[in-house]
Amino acid sequence: MVEKIYHLVVQLSKSMKDFGLKEFLKPLLNSMRSFNEYNVKKSLELLFSDSVTLKMCHPFGILNDSESFFNTAYRPLLSALPDLERRDMILIAGTTPEGNKWVGSMGNYMGTFVKPFLKIPPNGHLVHMRYHEFFCIEENKIVEMQIIWDIPELMMQTNSWPMSPQLGAYLLSLIHISEPTRRRGISYAVFCLK
């Protein structure tokens, strides 16, 4: 099934316009929505070039194939959060002035934290870990991926933050931006502490 979707997407994205770039990643992103291990591994194998370079945040480093990427990053995460889900919030695509085709995504990996991950103790509750992942695509293959996972935020959710507390407010989320007020034309926003 994954292979059929991949071949269909490759046919649709031959022109590789920005829409085609996003569509190209659909098999991978769909397999991660409810994180089916077989489909994720198959999608990675199909979409990654043989010479892919994966640049991940510490402690993962640089990886060079789909198998090492899955085993180093996703297998431990899936073990720690067995009901793992990927929730994309932003998906953008475009071509750089140099002609490189990139897709960027931002969202959260979510699940119930039941086993340690990177020596972070589980809390038995729903957790989320923000990610920013960028995919460089050439000739219908991912040739480079740059990945930042917000591991410190995961540590904070489990009360295992190893440094002194922040001096400023933590996790302010913008929940509403109003139109300008009548007084001096100043816009205001309502914030919610999580």
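Determine which member of the set Phe70, Phe113, Phe117, Phe135 is of a type outside the set (A, V, I, L, M), within 12 Å of the chain's Cα centre (by Cα), open to solvent by less than 60 Å² (accessible area, probe 1.4 Å) and modelled with pLDDT of 95 or more.
Result: Phe135 is the single residue among Phe70, Phe113, Phe117, Phe135 that is of a type outside the set (A, V, I, L, M), within 12 Å of the chain's Cα centre (by Cα), open to solvent by less than 60 Å² (accessible area, probe 1.4 Å) and modelled with pLDDT of 95 or more.
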Worksheet item: Which condition number does Ile92 fail, the rest of (1) in a strand (DSSP E or B); (2) buried (at least 16 other Cβ atoms within 10 Å of the Cβ) being met?
Response: (2)
Practice prompt. Kindly list the number of the only condition in (1) buried (at least 18 other Cβ atoms within 10 Å of the Cβ); (2) modelled with pLDDT under 95; (3) closer than 15 Å to Lys141 by Cα that fails for Ser31.
Written response: (3)
Worksheet, complete the sentence: Across (1) touching a residue at least 12 places away in the same chain (Cβ under 8 Å); (2) aliphatic (A, V, I, L, M); (3) exposed (fewer than 15 other Cβ atoms within 10 Å of the Cβ), Ile62 clears everything bar (1)
Worksheet item: Can you tell me which residues in the stretch 138-168 are open to solvent by 80 Å² or more (accessible area, probe 1.4 Å) and either within 18 Å of Thr95 (Cβ to Cβ) or small (Gly, Ala, Ser) (or both)?
Response: Glu138, Glu139, Ser164
Practice prompt. Taking the residues in the stretch 36-59 that are open to solvent by less than 70 Å² (accessible area, probe 1.4 Å) and touching a residue at least 60 places away in the same chain (Cβ under 8 Å) as candidates, determine which candidate is farthest from Glu138 (Cα to Cα).
Written response: Cys57
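The values are calculated or read from the model by the stated rules, or taken from the named source; none is laboratory data. The model shown is predicted, which means the values in this text are computed figures rather than measured ones. So basically every Cβ, Gly included, is an ideal-geometry build from the backbone, and we count neighbours across all protein chains shown. Each accessible area value is taken on the protein alone, full model and side chains, heavy atoms only, with ligands, DNA and RNA left out. Shrake-Rupley method; radii C 1.70, N 1.55, O 1.52, S 1.80 Å.
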